[in-house]
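All remarks here apply to the structure that follows.
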Amino acid sequence: MNREEEAYPMLEVEEAVERFLDHFRPLEAETVSILEALDRVLAEDVVAEMDIPPLANTAMDGYAVRCDDTGGARPDAPRRLRVAADLAAGYTLDEAITPGTAVRIMTGAPVPPGTEAVIPFEEVEVEGDHILVFKRYPHHKNIRAAGEDVRAGEVVLAKGKLLRPQEIGMLAALGRSEVRVHRRPRVAILSTGDEVIDAADSWQPGKIRDANGYSNAAQVLKHGGLPIRLGIARDTVNDLTARIRAGLEQGADLFLTSGGVSVGDFDVVKTVLAAEGEMTFWRVRMKPGKPLAFGLIQGTPLLGLPGNPVSAMVSFEMFARPAILTMLGKTKLSRPIVDAVLVDEIKRKDDRRHYVRVTLETQGGQTLARLTGDQGSGILLSMVKADGLAIIPEDLDHLPAGSVVQVMLLD
Ligand code: AMP
Ligand code: MG
């Protein structure tokens, strides 16, 4: 063991993730308009105030009738009914249907009192202001009962429910224009490095563009958080300290930095983080993303992601993503995983868990996983090409082509 290995514990991926997630709970509720609530989690039980549909209505364009008036009707001996009224959707008729009459009625219109069935247009013959009915109709035929969808008083959507488009539609149907959901987490994002410049800056020799500040912000947005972009800190104690303090003042629920945590290189970050809060450095048995800083600064969890663009994204995936979902009140934290057949062989020397970038393709009922090419943690194109991350277990150092691996889907 070298000095670094003695100083900083090596954690299994699960243990590190668990220790980290222990610091997160669903955030408090806020009231938002129902479209703003899409993909968020209900923080209240939603109870129906009235039946849906509120009134019995017709499922077809047709004629509202009393069943007795269709008794004995046959193709060769039709019954003749007088059309007493015409009713469009959106209106009601208070007078009951009298014997021997029918009411012409359009889909969705509440049926008049006394209606026992609705005969579709195409099943009658019209003779002036009369119709001919050719068969007997049973009770309730083509009538939607009041409350057949939802009953007044029912808990239609329970606290904890993830709101998809259908739940948003249901809220609207229930007359709810606003709803209580867990608020979105605010995630501060700070890049570090004297060499790092913004996408909009003009390039100078020695400089590289800040990929992480944007990829991480996009990941935050994608999973329902609100990114607070803090720009790029120089590798000095003063600049780093000032930017971290400024970020905290903006009220972050999670603080992400990238860079400055690799071996022998993290002195500034380490110094600042230790001075400003309680900081631990971990080595996590994963690749990419071994060095990881974690701690609390003024009570805010801070995750120091590695600087290499692939490491920053994959570490975000494993740690920040489930934290954001937890704060949103979500309980399904893991990505879907599929079994796939490796097209390329994989050899490696260390005992870390590898997250290998692969493309997926279905062929002959099988899912094939192909490496995206160079797997270096600085090769951002490997993420650009990837459909998923193949999970190579810690204890396998050789997977021949044809091996079955688990692949975590990225979208
Ligand atoms: P570090 O952990 O700071 O030593 O960074 C590791 C590698 O990632 C170095 O080659 C850095 O130049 C690079 N790097 C650090 N931060 C970023 C960033 N925000 N965007 C792109 N590359 C970065
Ligand atoms: Mg650096």
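The values are calculated or read from the model by the stated rules, or taken from the named source; none is laboratory data. None of these values were measured; they are calculated from a predicted model. Cβ atoms come from the backbone with ideal geometry, glycine included; neighbour counts cover every protein chain shown. Each accessible area value is taken on the protein alone, full model and side chains, heavy atoms only, with ligands, DNA and RNA left out. Shrake-Rupley method; radii C 1.70, N 1.55, O 1.52, S 1.80 Å.
Using Cβ point charges alone (K and R +1, D and E -1), the dipole size of the stretch 50-118 about the Cα centre works out to roughly 280 debye.
Of Y214, Y91, Y63, the residue with the largest accessible area leads and the full order is Y91, Y214, Y63 (1.4 Å probe). As a ratio to 2.2 N^0.38 Å, the alpha-carbon radius of gyration computed for the stretch 223-380 takes the value 1.19.
Only protein heavy atoms count here; under a 1.4 Å probe, I324 has an accessible surface of about 0 Å².
A simple rule links phi to the HN-Hα coupling: the Karplus curve 6.51 cos²θ - 1.76 cosθ + 1.60 with θ = phi - 60°, which for the stretch 35-47 gives 5, 5, 8, 4, 6, 10, 10, 4, 10, 8, 7, 9, 9 Hz, with x for Gly and Pro.
Mean-square fluctuation check for the chain, GNM, Cα pairs under 10 Å: which of V314, V338, V237 is largest? Fluctuation is largest for V338.
Helix 212-222 versus the longest principal axis of the chain: what angle, 0 to 90°, nearest 10, using Cα atoms? That works out to roughly 20 degrees. Taking all Cα pairs closer than 8 Å and separated by 6 or more residues, the relative contact order of the chain comes to 16 percent. Under a GNM of the chain (C-alpha, springs under 10 Å), which listed residue has the highest mean-square fluctuation: A89, A56, A275? Checking each option, the largest mean-square fluctuation is seen for A89. Think of the chain as having a plus end and a minus end, set by charges on the Cβ of Lys, Arg, Asp and Glu; of Q166, V310, L410, V310 sits farthest toward the positive end of this dipole. When the alpha carbon coordinates of the chain are projected onto the principal axes, the ranges are 100, 53, 41 Å, largest first. Taking every alpha-carbon pair in the stretch 57-144 and binning the separations at 5 Å intervals from zero gives 3, 18, 30, 28, 15, 4, 1, 0 percent.
Which percent of the Cα-Cα distances in the stretch 337-409 go past 20 Å? Summing the P(r) of the stretch 337-409 above 20 Å gives 22 percent of all pairs. Computed over the stretch 226-299, relative contact order equals 24 percent, with contacts defined as Cα pairs under 8 Å that lie 6+ residues apart.
About its Cα centre, the dipole of the chain is roughly 200 debye, where the only charges are +1 on Lys and Arg Cβ and -1 on Asp and Glu Cβ.
Measuring between their Cα centroids, the stretch 287-360 and the stretch 187-258 lie 19 Å from each other.
The calculated 222 nm mean residue ellipticity attributable to helices in the chain amounts to -5000 deg cm²/dmol, summing -39500 (n - 2.57) over DSSP H runs of n ≥ 4 and dividing by all residues.
Helix 237-249 and the longest principal axis of the Cα set of the chain meet at an angle near 20°. Charge dipole (Cα centre; +1 on Lys/Arg Cβ, -1 on Asp/Glu Cβ; no other charges) of the stretch 337-409 amounts to roughly 180 debye.
With Kirkwood's inverse mean 1/r over C-alpha pairs for Rh, give me the Rg to Rh ratio of the stretch 132-177, two decimals please. We get a ratio of 1.23 for the stretch 132-177. Can you give me the angle between helix 267-276 and the longest principal axis of the chain, using Cα atoms only, in degrees from 0 to 90, rounded to the nearest 10? Approximately 60 degrees, to the nearest ten. Pairwise inverse Cα distances across the stretch 23-63, averaged and inverted, put the Kirkwood hydrodynamic radius at 14.4 Å. In summary, the lysines within cross-link reach of K290, defined as a Cα separation below 22 angstrom excluding same-chain residues under 8 places away, comprise K270, K347, K349. Here the Debye sum runs over all C-alpha atoms of the stretch 231-296 as equal scatterers in vacuum, and log10 of I(q)/I(0) at q = 0.21 Å⁻¹ comes out as -0.90. Spin-label model, Q363/D94: points 7 Å from Cα along the beta carbon direction are separated by 7.5 nm.
The mean sequence distance of close C-alpha pairs (under 8 Å, at least 6 residues apart), as a share of the length of the stretch 337-409, puts its relative contact order at 49 percent. Of the solvent-accessible surface of the stretch 1-75, computed with a 1.4 Å probe over protein heavy atoms with every protein chain present, carbon and sulfur atoms account for 50 percent. For the chain, a Gaussian network of Cα nodes joined below 10 Å ranks S177, S315, S377 by mean-square fluctuation, and the top entry is S177.
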